[in-house]
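Chemist: So that we are looking at the same thing, I have put the structure below in structure tokens.
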Amino acid sequence: MQQPKQGSINGPSVPIPRRVLVGLGANTDEAHAIEAALALAQALKTEVSGHFVEDSNLLNFAELPFTTIFRPSDRTILPIERSQMQQEISNAASNWQRVLRARAEQSSVTFSFHESQGEYCSEISKVVATTDIVILNPSNMPDRWSTAVATALAATREALGAVILPEKPHVASGHRPIVLLFTDTVPDEEALRLTGRISAVMNAGLSVITTASQPAAFGEVLAAIRQAFGTDVSVHKLSDHDLADVAFAVSKLAPSFVIWPRSRQFNENSEAATIIQAAKAPVLLLRQSQ
């Protein structure tokens with residue numbers, strides 16, 4: 001995989017993130033979130049900050065009569081009370097801290113770990129900085145998945161970028177590509193550089209999907225891609241920005257990671273959930289300055 005070449009590329013710029021902030025919870029398996037955070041941190045040469053939220057909704061739920069808990073590890077269903085729920089949450093926090101520490105040390109990535117109690121997105125939004133890329137798992141939220149995605153994006157509106165994990169990720173098999181998706185903007189040098197770094201860290205090939213249908217716009221996109229990565233990158237040109245066509249193209253490539261630079265406020269865009277579901281992989285939405 002070639003690293004992006006230096007050069008002048010028109011378009012808005014993406015500032016360099018200072019930290020990868022990953023929101024963790026007790027509701028789901030966070031291994032995918034941690035792996036995505038470490039890959040980004042390696043690519044960006046920055047630190048990972050794990051923030052575990054002791055979800056108050058879970059504690060309140062445990063106070064209701066006949067509450068049960070499902071353990072994914074052994075698929076058992078057991079009754080549970082508030083004190084037991086508190087212990088389960090504490091165990092989950094300790095477990096994900098151990099996993100993050102072990103994987104960060106293996107990857108030579110600097111990390112920190114913090115905890116707070118409250119609602120998942122609300123707590124993460126309190127610690128988001130404008131120089132962060134934030135990773136959120138909608139499965140930690142009580143809402144329907146598509147609603148949870150909108151809430152997660154709103155919670156990260158101040159960040160440089162948000163990575164949202166899919167509801168049902170691909171089962172890992174073979175070398176699946178990184179997909180770079182261009183819809184409402186032309187390539188930017190920093191976005192291309194970040195894409196190249198992620199591809200190199202993940203040891204994955206690169207495919208590009210663009211909806212630049214006008215010949216002049218597509219020529220600009222193609223020239224930027226060739227300048228950054230050479231001629232080995234597969235470029236898929238769609239005739240127009242039809243959401244179903246874009247989602248199908250993403251799904252067909254079965255990506256391991258999707259990078260989607262946006263010139264609009266990505267938290268206000270209803271297309272995100274559709275693309276994430278189609279990808280069945282983490283999707284990084286990058287906000288670009290105008």
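Chemist: In segment 39-80, how many are modelled with pLDDT under 70, loosely packed, with under 14 Cβ neighbours inside 10 Å and part of a loop (DSSP other than H, G, I, E, B)?
Modeler: Count: 8.
Chemist: Which of the residues spanning segment 80-131 are under 21 Å from Ala162 (Cα atoms), among the small types (Gly, Ala, Ser) and in contact (Cβ under 8 Å) with a residue 40 or more places away in the chain?
Modeler: Hits for segment 80-131 are Ala104, Ser112, Ser116, Gly118, Ala129.
Conditions tested, residue by residue: (1) under 17 Å from the mean Cα position of the chain (by Cα); (2) open to solvent by 30 Å² or more (accessible area, probe 1.4 Å); (3) of a type outside the set (Gly, Ala, Ser); (4) closer than 26 Å to Ala273 by Cβ.
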site: Val149; (1), (2), (3), (4): yes, no, yes, yes
site: Ala152; (1), (2), (3), (4): yes, no, no, yes
site: Gly161; (1), (2), (3), (4): yes, no, no, yes
site: Arg176; (1), (2), (3), (4): yes, yes, yes, yes
site: Thr195; (1), (2), (3), (4): yes, no, yes, yes
site: Ile198; (1), (2), (3), (4): yes, no, yes, yes
site: Ala204; (1), (2), (3), (4): yes, no, no, yes
site: Arg226; (1), (2), (3), (4): no, yes, yes, no
site: Ala244; (1), (2), (3), (4): no, yes, no, yes
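Chemist: Considering only residues that are farther than 12 Å from Ala104 by Cα and part of a helix (DSSP H, G or I), look in segment 20-38 and name the one that is most open to solvent (accessible area, probe 1.4 Å).
Modeler: His32
Chemist: With the structure loaded, tell me whether Ile16 is aliphatic (A, V, I, L, M), surrounded by fewer than 19 Cβ atoms within 10 Å (Cβ to Cβ) and at pLDDT below 95 or whether it fails that test.
Modeler: Yes: the conditions hold for Ile16.
Chemist: Filter segment 81-105 for residues that are modelled with pLDDT under 95 and not aliphatic (A, V, I, L, M) and give the result.
Modeler: Glu81, Arg82, Ser83, Gln84, Gln86, Gln87, Glu88, Ser90, Asn91
The values are calculated or read from the model by the stated rules, or taken from the named source; none is laboratory data. Nothing here was measured: the structure is a model prediction, and the numbers come from that model. Neighbour counts are summed over all protein chains in view; Cβ atoms, including those assigned to glycine, are modelled from backbone coordinates with ideal geometry. Please note that ligands, DNA and RNA were not included when accessible areas were found on the heavy atoms of the full protein model with its side chains. Shrake-Rupley method; radii C 1.70, N 1.55, O 1.52, S 1.80 Å.
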